[in-house]
Amino acid sequence: MINIINAKLANGDVVDVQINGELISKVSTAAGTKIKKAIDATGKMLLPGLVDLHTHLREPGQEDAETVLTGSKSAAAGGFTAISSMANTNPVADTAGVVEQIYRLGKAAGLCDVNPIGAVTKGLDGEKLSEIGAMADSIAKVRIFSDDGKCVSDPLIMRRALEYVKTFNGIIAQHAQEPRLTVDAQMNEGSVSARIGLKGWPAIAEEAIIARDILLAEHVQSRLHICHVTTAGGVDLIRWAKARGIQVTAEVTPHHLLLTDDLVENYDPIYKVNPPLRTQKDVMALREGLAEGIIDIVATDHAPHPTEDKDCEWHSAAFGMVGLETALSVVVKTMIESKLMSWSDLVNRMSIKPAKIAGYQQQGQEIAANQPANLILIDPAATWQVNPKSLHSKSKNTPFGGMELPTTVIDVFYNGKQVVANRKLVDQE
Amino acid sequence: MISGHLLSAADLSKEQALNLLATAKELAQITDGPNKKLPTLRGKTIVNLFFEDSTRTRISFETAAKRLSADVINFSAKGSSVSKGESLKDTAQTLQAMGADAVVIRHGSSGAAKRLADTQWIQAAVINAGDGTHEHPTQALLDAFTIKQHLRPGSKDLSGIKVLIVGDILHSRVARSNILLLTKLGAELTLVAPPTLLPVGVSDWPVKVSYDFDSEISKCDVVMMLRIQLERMADSFFPSAQEYSRRYGLNSARLSKLAKNAIVMHPGPMNRGLEISAESADDLKSVIIDQVKNGVAVRMAVLYELLGGAPLGDSK
């Protein structure tokens, strides 16, 4: 039995919460009485555990960058009780065997739900559908399919995939990048790329695929999810699609809510990411889109890379940034401190809505009796300085190193078990 | 005096650039004499670190360093540890361990010189001898030197000089460095290229842009032709070499429309018959050979100032 007293919820209520086994057993208005051994949450906030629909765990195949275990640690430290591992592992997660392996490794780590995402096409080659049905029927019960890292650029394959997953109410998560418009692309195409001589990745290459795929989703009446939207034009297209009743959802990453392409000026590959950092105008449109609900959720696109893949010249460097441990703080900084969103909105975009899109029934639930005890206690007023070396992820490629960010994660309860206590991971036996 | 590194033409203030040109002029006069060599950088080690083939730039730097009595090590990526997969970081640390005082780097990746300077991989002064499609600052300096020599020998800067840069602006490091430096020195620049070979974002640059060579040719004091890479044709930047040559090549007809005192420049190596006809390259208006010669003097000046050579007066 765990008691948490005087905890403020996102809606402003102050409550006492009792956890018994894997469930919340009682939620009541704070009585103000002391309970022995209770966690006194005065001044802190209790939220449902965060849910990430876009995580690269690198296992199997690139265990020097991350493993399911180290990624789970990073997730727990960042306040996530569920993550979704992307399919671009080696071997690719395109069979029941691979997704079940990842699922089991997640269970063994025991720090958060690890839900594998399956590849849309075999080997991510964009040509033949992978064993989507077998992955859906496996113990991992895969519902999201994505070739993330690559775009399903062939419109016919995309159409077939959208249709096929309707069998089990699945969803295709598209990495929107027109490949011919982005051959060797290095950064956002615009004023900065022109000046510093890096090959441009134009916004249009993202928007062209978003436009095509929302029309396909409408035509075949299927569910489409757009990964990491980065452009103002993309937000407009999704707004249009939603107004037409098309079943499209979209995500934005924390880094695209905060960082812009002028950071690339010094050629430090810590800022090399795909899709690339865009302009201030795009950042503002993404923030507004997220506040408005046009962009449904925040997803990290946590992309670990070993040191040598960033400690080099720009062209040799890998694309990607780690993000699990900074996501909450960056969203607070960009969306709450700017007064664009309330705490309830944040809970919606980082927990309730992603769980709903993915069908994670144990996650993103109301804090109420008989609900699974996936909870995080945070200090909204605390600030911390990001030290890459202190991250729990095996990789340290954060673009936020040295930055002072708001809000710390104090305690994390995963299925009733405390996995983070007083800002530290609890040793698991 | 400049200090640290030379990575971009933007690193130089107008005054620093003019001082460098003045130093180059003085050095050129000395090396025109019977004894070309100065002892000023004796004991210094300069590494030419060339990841891309460039015989012209490399021998220009090598000549410059040797005329200042520095020891020169040429490191070319081909057939070296780099072709066996060694990283830039490891190469840099190796050169550091060998005691390089300056590294002249040519690299295919934009920003490679900047990375070398910003990281702790190496302490040496870094001179950018061309990084990807970014910059080539010593080329801009030698171009400024050549323009001044021919058109403004007596004046302070390049005020009012009209320069046309013609060709593949999108991929040109020569163009980027020249735009930064020549505008700083007061020149007025017009870029001439098909829209496919201009970067998105060019409208932010302090230049005029034209797609029509013929309407601009008679209005300039300098026409600078850029090398066109033949692989651009395969990528459909333009339909054919013939069409490119017709629309954007400097041929005899266009040459005849140039103002009386105008000069023709090219950073080399030239594709004769493509962006420049043989008659234009060899015409009296062509200062292409002067550019090569001035390259040595300008690079001497850069090495001299970066490596803190003894004052010029002492070496006489």
Please state the relative contact order of chain A as a whole percent: Cα pairs under 8 Å, 6+ residues apart? 19 percent
Given 10 Å bins starting at zero, what is the percent of C-alpha pairs of the protein assembly as shown in each, up to the one with the largest pair distance? 3, 13, 20, 20, 16, 13, 9, 4, 1, 0
Tell me, how many Å apart are the Cα centres for region A:30-80 and for region B:159-234? 55 Å
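Could you work out the Kirkwood radius for region B:137-288, taking every pair of different alpha carbons, averaging 1/r and inverting it, reported in Å? Before the final figure, lay out each step's value.
Values: mean 1/r = 0.0654 Å⁻¹.
Roughly 15.3 Å, rounded to one decimal.
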For chain A, what does the helix formula give at 222 nm: sum of -39500 (n - 2.57) over DSSP H segments with n ≥ 4, over the residue count, nearest 500 deg cm²/dmol? -7500 deg cm²/dmol
Proximal lysines relative to B:K36, as straight alpha-carbon distance under 21 Å, when same-chain residues fewer than 8 apart are discounted: B:K25, B:K44, B:K66, B:K293, B:K316
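Which number comes out as Rg/Rh for region A:206-265 once both Rg and the Kirkwood Rh are worked out on C-alpha atoms? The partial results should precede the final answer.
Details: Rg = 12.8 Å, Rh = 12.2 Å.
That ratio is 1.05, to two decimals.
Between A:E308 and B:D118, what's the calculated FRET efficiency when r is the beta-carbon distance and R0 is 22 Å? Round to 0.05. Don't skip to the answer; put the middle values down first.
Details: r = 17 Å, r/R0 = 0.78.
Efficiency at R0 = 22 Å is approximately 0.80.
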One checks the Cα atoms of region A:279-429 and finds Rg and Dmax, in Å, of 16.7, 54
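Using the beta-carbon distance between A:E163 and B:S155 and R0 = 45 Å, what value does 1/(1 + (r/R0)^6) give for FRET efficiency, to the nearest 0.05? Please list the in-between numbers first.
Values: r = 73 Å, r/R0 = 1.61.
Efficiency, rounded to the nearest 0.05: 0.05.
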Between region B:15-43 and region A:302-351, how many Å separate their Cα centres? 52 Å
Would you kindly give the portion of the calculated P(r) for region A:142-291 that falls above 22 Å, as a percent of all Cα pairs? 38 percent
What is region B:137-288's relative contact order, in percent, from Cα pairs under 8 angstrom and six or more apart in sequence? 23 percent
Given points 7 Å out from each Cα along the Cα-Cβ axis, report the A:L156 to A:L181 separation in nanometres with one decimal. 2.3 nm
Could you give the alpha-carbon Rg of region A:262-345 over 2.2 N^0.38 Å, rounded to two decimals? 1.23
Net charge around B:G108, counting only other residues with Cβ within less than 11 Å of its Cβ (Lys, Arg = +1; Asp, Glu = -1)? -2
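How fast does region A:121-210 diffuse by Stokes-Einstein, in µm²/s, taking the Kirkwood radius from C-alpha pairs at 25 °C and 0.890 mPa s? List each step's numbers first, then the result.
Numbers: Rh = 14.4 Å.
Calculated translational D: 170 µm²/s.
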For chain A, what log10 I(q)/I(0) values come out of the Debye formula at q = 0.06, 0.13 1/Å, with one point per alpha carbon and no solvent? -0.22, -1.11
Which residues in region A:37-57 have a backbone N closer than 20 Å to a point placed 7 Å from the Cα of A:D125 along the Cα-to-Cβ line? none
Can you list the aspartates and glutamates whose alpha carbon sits under 17 Å from that of B:K219, skipping same-chain ones fewer than 8 residues off? B:E188
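What quantity of accessible surface, computed with a 1.4 Å probe and excluding non-protein components, is buried in total between chains A and B, in Å² to the nearest 100?
Working: alone 16660 and 13520 Å², together 28730 Å².
Interface between A and B: roughly 1500 Å².
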Hits in region B:118-146: amide N under 16 Å from the 7 Å Cα→Cβ extension of B:Q96, namely B:118-127
Which lysines, on any chain, are close to A:K44 with Cα under 24 Å apart, when same-chain ones fewer than 8 places away are left out? A:K8, A:K26, A:K34, A:K36, A:K73, A:K333, A:K339, A:K353, A:K417, A:K424
Can you tell me the 0 to 90 degree angle between the C-alpha axis of helix B:288-306 and the longest principal axis of chain B, rounded to 10? 30 degrees
Under a crude label model (7 Å from the Cα following the beta-carbon direction), how far is A:T383 from B:D235 in nanometres? 4.5 nm
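Where Rh is the Kirkwood radius over the Cα pairs of chain B, the temperature 4 °C and the viscosity 1.567 mPa s, what D in µm²/s does Stokes-Einstein return?
65 µm²/s
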Could you give the C-alpha radius of gyration of region A:342-429 expressed as a fraction of 2.2 N^0.38 Å, taking N as the number of residues it contains? 1.23
Using alpha-carbon positions, what is the distance between the centroids of region A:372-429 and region B:236-300, in Å? 62 Å
Using the beta-carbon distance between A:A421 and B:R56 and R0 = 41 Å, what value does 1/(1 + (r/R0)^6) give for FRET efficiency, to the nearest 0.05? 0.05
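Contour minus end-to-end for A:K107 and A:E218, with contour as 0.36 nm per residue of separation and end-to-end as the Cα-Cα distance? Spell out each step's value before the answer.
Numbers: separation 111, 0.36 × 111 = 39.96 nm, distance 3.68 nm.
Stretched out fully, the A:K107 to A:E218 stretch lengthens by 36.3 nm.
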I'd like the projected area of region A:40-93, averaged over all directions, using the convex hull of its alpha carbons. Report it in nm² with one decimal. 4.3 nm²
Under a Cβ-Cβ cut-off of 15 Å, what is the net charge of the residues other than A:D64 that fall near it, where Lys and Arg count +1 and Asp and Glu count -1? -2
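The values are calculated or read from the model by the stated rules, or taken from the named source; none is laboratory data. As the structure is a computational prediction, the values presented were derived from the model and not from experiment. Backbone-built Cβ (ideal geometry, glycine too); neighbour counts: all protein chains shown. Each accessible area value is taken on the protein alone, full model and side chains, heavy atoms only, with ligands, DNA and RNA left out. Shrake-Rupley method; radii C 1.70, N 1.55, O 1.52, S 1.80 Å.
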